[in-house]
1. For E123 and E21, what does the FRET efficiency come to when R0 = 30 Å and r is the distance between their Cβ atoms, rounded to the nearest 0.05?
2. Mind giving me the FRET efficiency for A107 and T65? R0 is 22 Å, r the Cβ-Cβ distance, nearest 0.05 is fine.
3. Work out how much length V80 to R12 would gain on full extension: take 0.36 nm times their residue separation and subtract the Cα-Cα distance, in nm to one decimal.
4. Using modelled amide H (1.01 Å from N, peptide plane; none on Pro or chain starts), what sits under 5 Å from the amide H of K113, excluding residues fewer than 5 places away?
Amino acid sequence: MATQAQESPLRRFLRRLTASEAELEAEEQQRESAEYGENRVGDCQRGQLATVAGRLKTVVYTPRTNLPTLEADLYDGTDVVTLVWLGRRHIAGIEPGRLLEARGRIAIRDGRKVIYNPFYEIETP
């Protein structure tokens with residue numbers, strides 16, 4: 001199977017014409033994330049220490065009486081990992097659309113990949 005780097009210009013042009021907007025966005029995000037992250041979210045397994053990069057799709061503050069949490073969905077074009085900061089209501093710069101690199105241990109919660117209290121770097125545009 002030919003990779004994107006080995007595709008002919010005509011084949012690449014035809015693929016872009018027939019691809020959905022979501023597929024094109026995922027490809028663009030994969031290229032962008034590959035520059036920063038060491039691991040693809042889609043390849044990460046439970047218990048793995050991973051460094052991933054992508055764009056924050058959603059950021060949600062969940063008020064709880066005993067432990068507030070800030071949750072953000074990071075998308076790298078292959079899959080989504082939820083970043084969870086326990087005991088935080090707000091973190092400057094953590095907002096939808098930001099490019100972020102995060103490092104931590106992958107956990108599974110409700111069938112989704114999660115990193116609790118990740119180390120992170122906000123990438124400058």
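Each value in this text was obtained by applying a stated rule to the coordinates, not by laboratory testing. The shown structure was predicted, so the numbers you read here are calculated from the model rather than taken from an experiment. Glycine gets a Cβ as well: all are built from the backbone with ideal geometry, and neighbour counts include every protein chain shown.
1. Details: r = 24 Å, r/R0 = 0.79.
The computed FRET efficiency comes out at 0.80.
2. Calculated transfer efficiency: 0.40.
3. Gain on extension, V80 to R12, equals 21.9 nm.
4. T82
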